[in-house]
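Report on the structure given below.
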């Protein structure tokens, strides 16, 4: 559904652009290609990192991590796993829901979900290309620390 | 212009490391190849529309407009716009980075770029609906509330921690890449 929306938007934009100006539309497509080719080397590195991370940290392993640990250690572990992995929401949410039903703490699940979304260790090569080493590392460090704080807030909000 | 081999050196190294990984850990071979295939498909599917949209943005939105709406002096309006732009986006976070580069090139302020990245990463609306269905309204909405605060704090903290010179360098780089 996500992707469908994206394609619909791109098709609509491309159509409107074509109607108004052919040469500018061509320029836009050329720029799109140039931007893509520019990032392709980093994209390929990310692809390999994701493949290995997901092979080692498969859903069963992640579930063990999230289910077993409780307290601060569990929250830390959950946020670390979330930071490293790159799973689309439509896979992560049902898995997290199943864990929640199975007795995992809301704080741990929130730490996982938050860091999964905000922190991207495997996508760092791409982020660094656009934001530089310093800003990219800072963003991920801040986001990771924040995802732990957010987890305690969500855990508290769910419990009241 | 840098040569092809130099640009792709890291990618080739990663590919070799992947081959070595597969050879060394047969237990993970199936899973690694499987997730590689899945991720490649996901990337190929999601990348074309994202890059077409950023190409259109680049060509059609004039710099003066972007500066007015999201530039240094855009204030609260610019921040809200950055939030909305990121929240209505679709696709994984790595799609946000090239988009951010075009926004930089067009003169959006660095703080708003960081807000945009943060919003793209966590407050996407289709994802939120899905999260509410899977994990409950209370979980999803409290996470949304705290994350909106977090995005603003993180944007502010990065802006504070990053020297002006580095930000200028990033803008010059965005100009070059775009």
Extended-chain gain in nm, criterion 0.36 nm per residue less alpha-carbon gap, residue A:141 and residue A:22: 38.4 nm
Estimated inter-spin distance, residue A:73 and residue B:7, nm [label 7 Å along Cα→Cβ]: 4.9
Taking A:130, B:171 and counting other C-beta atoms within 10 Å, the order from fewest to most: B:171, A:130
Cβ-Cβ FRET estimate between residue A:11 and residue B:172, R0 fixed at 45 Å, reported to 0.05: 0.85
Rounded FRET efficiency, nearest 0.05, which uses the C-beta distance separating residue B:65 from residue B:132 and R0 of 41 Å: 0.75
Chain A: most fluctuating residue of A:50, A:75, A:29 per GNM, C-alpha cutoff 10 Å: A:29
Top of B:145, B:96, B:17 by mean-square fluctuation, Gaussian network on chain B, Cα under 10 Å: B:17
Per residue convex hull volume, Cα atoms of the protein assembly as shown, in Å³: 135
Rounded tilt (10° steps) of A:124-159 against the dominant C-alpha axis of chain A: 40
Label-to-label distance, nm, for residues given as residue B:27 and residue A:59 (7 Å Cα→Cβ offset): 2.1
Fewest-first ranking of B:51, A:4, A:90, using other Cβ atoms within 10 Å as the exposure measure: A:4, A:90, B:51
Cα centroid separation - segment A:45-101 against segment B:80-100, whole Å: 23
Cα convex hull of chain B, projected area averaged across orientations, nm²: 13.4
Using a Förster distance of 56 Å, the FRET efficiency for residue A:156-residue B:19 (Cβ separation, nearest 0.05): 0.75
Range of Cα positions in segment A:2-124 per principal axis (Å), largest first: 59, 28, 20
Chain A - percent relative contact order, Cα under 8 Å, separation 6 or more: 23
Footprinting exposure proxy for B:148, B:52, B:113 (fewest neighbouring C-beta atoms within 10 Å first): B:148, B:52, B:113
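We did not get these values from a lab; they are worked out from the coordinates using the rules stated. What you see is a predicted model, and the numbers here were worked out from it, not measured in a lab. In this analysis, Cβ positions are derived from the backbone assuming ideal geometry, glycine residues included, and neighbour counts consider all displayed protein chains.
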